[in-house]
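A short write-up of the structure that comes next.
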Amino acid sequence: MTTKDSTVTRRAFIVTGGAALAASVVSVASPLQAAPQRRLRMAIVGTGNRGSVTWGEDVVKGYSDTVEIVGLCDINRKRVEVAKKLIGINAPTFVDFDRMISETHPDTVMVTTVDATHARYIVRGLELGCDVMTEKPLCTDEQQCHAILDAQKKSPKKITVTFNARHAPEAKKVKELLMEKAIGDVISVDFHEYLDTSHGADYFRRWHRLKENSGTLLVHKASHHFDLANWWLDSTPVEVTAFGDLKFYGRNNSFRNTHCRVCPFKQQCKFYWDVTQNPQYVKLYTDCESEDGYLRDGCVWREDINIYDTMSVVVKYENGVRLTYTANTFLPYEGQSISINGSRGRLDYNEVKANGFTNNEVRLTRSFGKSEAVTDIEQARAGGHGGADTSIQDLIFRGSPGSDPLNLRAGLRAGALSSLIGIAARHSIERGSQMVKINDLVQM
């Protein structure tokens, strides 16, 4: 998932601009569909696993009648060729983004690169006349957000942020119940994210481990969760206070190495991970290391890790609601626990998986009334992230412009606000947990 054009290096990327901000509310993106009788021409920049599989192979298998992938781009010359074979297409490959656009003439560009490079390709895609879809986060700092907003003002094209977390059946049901005022007016939200020693540790192996690449997990990972809160509450975040530290990974161990394959501590390290057991990762990553030096099986104890592994955030919203958010990345189980407290009741959304234990439930408890599990939830679809990937692709590639009663589509404003909460949280931690106002970063 790491790509740039030939003028950009992997670890040195800054979007400059300091552009004037959009004073008006940016319109939400509509489905990126081509004209009748013609398939949507889509190019992909970033051919790691997410770009090659979710937005490559899966799109070819499920949407070839409406979508044609016309170009692939990655800074890694070997990886982009591997991706072409994996996806099963004959589209040309590139290491230069501008050249791909000029030669393939796509309607839309899908951005699945390292987080800190998203803004560059979003801005350039708009400048070259393309609609843009991007994986979260939209951006990793406020300067990038400024640049994107300025580019959008100058372009008639649309930005879509692919927040697949909105598409989980339980998340949709929570939105529906809140729209129905099932618990009255929302007063507060408690959101706890649990990442285990498999999923959580993986962020500390990969490029995410560096703040310069991911903006920390408050931006990369939590932007999903902040978007859910923004979407459920239908309000704008205004103030953020946060705490964060690196208490488990990185320097917090007595031994370390560069990566697992060559590590002399394989027998004693509980986090040893053999990337060679995954043939697809071998093709996409280990066989391509000679091009850029990227190690997919990096050591979770490397001393250069500078992101947080334990985080707490409080967000104040325009409507007076307060969100309390926590995330820990080294737990014995995986999942999340969300409670939405209202004037007439409470909604609990729990999704926890552990060895021998599972708790997956949406529960509605009415004040002075009974508590009951909510059972009328749509069945999960096949596909990645519990079918959420399939749901968002259906909406983008087959949905009608007006058929979105839950407001599932996410555009520039949604992408900016979710990123800005994480960016503000990072600034708050760096300033000794001072409160940071969103409008001091970007005036939305």
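Throughout, read-outs are computed from the coordinates displayed, never taken from laboratory work. Keep in mind that this is a model prediction, so the values were computed, not measured. Note that each Cβ is placed from the backbone with ideal geometry, even for glycine, and that neighbours are counted across all protein chains shown.
General observations
- Computed over every Cα-Cα pair of segment 40-161 and binned at 5 Å starting from 0, the pair-distance distribution P(r) comes out as 2, 12, 24, 26, 19, 11, 5, 1 percent.
- Contact order normalised by residue count of the chain, Cα under 8 Å, 6+ apart, percent: 22 percent
- Proximal lysines to LYS270, defined as alpha-carbon separation beneath 21 angstrom and excluding residues fewer than eight positions away on the same chain: LYS247, LYS353
- With a threshold of 22 Å on the Cα-Cα distance, the over-threshold entries among LYS136/LYS158; LYS221/LYS316; LYS61/LYS283; LYS221/LYS283; LYS61/LYS84; LYS136/LYS175 are LYS221/LYS283.
- For segment 200-356, a Kirkwood hydrodynamic radius built from all Cα pairs, placed in the Stokes-Einstein relation at 4 °C and 1.567 mPa s, yields a translational diffusion coefficient of 73 µm²/s.
- Loop sites in segment 343-386: trypsin sites (Lys or Arg not before Pro), DSSP, at most 12 other Cβ within 10 Å: LYS370
- Cα-based shape type of segment 375-442, given that a ≥ b ≥ c are square roots of the gyration tensor eigenvalues and the cut on a/c is 1.5: prolate
- Relative to the Cα centre, the charge distribution of the chain, modelled as +1 at Lys and Arg Cβ and -1 at Asp and Glu Cβ, gives a dipole magnitude of about 260 debye.
- P(r), alpha carbons of the chain - 10 Å bins starting at zero, rounded %: 4, 21, 32, 28, 13, 2, 0
- Over segment 40-161, relative contact order from alpha-carbon pairs under 8 Å, at least 6 apart, %: 25 percent
- What the Cα convex hull of segment 278-403 gives, in volume per residue, is 257 Å³.
- The GluC sites (Glu not before Pro) of segment 350-436 that meet both conditions, a loop assignment by DSSP and at most 13 other Cβ atoms within 10 Å of the site Cβ, are GLU378.
- Taking other Cβ atoms within 10 Å as a rough exposure proxy, CYS145, CYS269, CYS288 sort from fewest to most as CYS269, CYS288, CYS145.
- Spacing of the modelled spin labels on ARG344 and THR258, each 7 Å from Cα toward Cβ, amounts to 6.3 nm.
- Segments 434-443, 306-315 sorted - mean Cβ within 10 Å per residue, highest first: 306-315, 434-443
- Between THR326, THR258, THR93, the residue with the greatest mean-square fluctuation in the GNM of the chain (Cα pairs under 10 Å linked by springs) is THR258.
- Only DSSP H runs of four or more residues enter the estimate; each adds -39500 (n - 2.57), and after division by the residues of the chain the mean residue ellipticity at 222 nm equals -8000 deg cm²/dmol.
- Between the alpha-carbon centres of segment 257-292 and segment 123-171 there is a gap of 33 Å.
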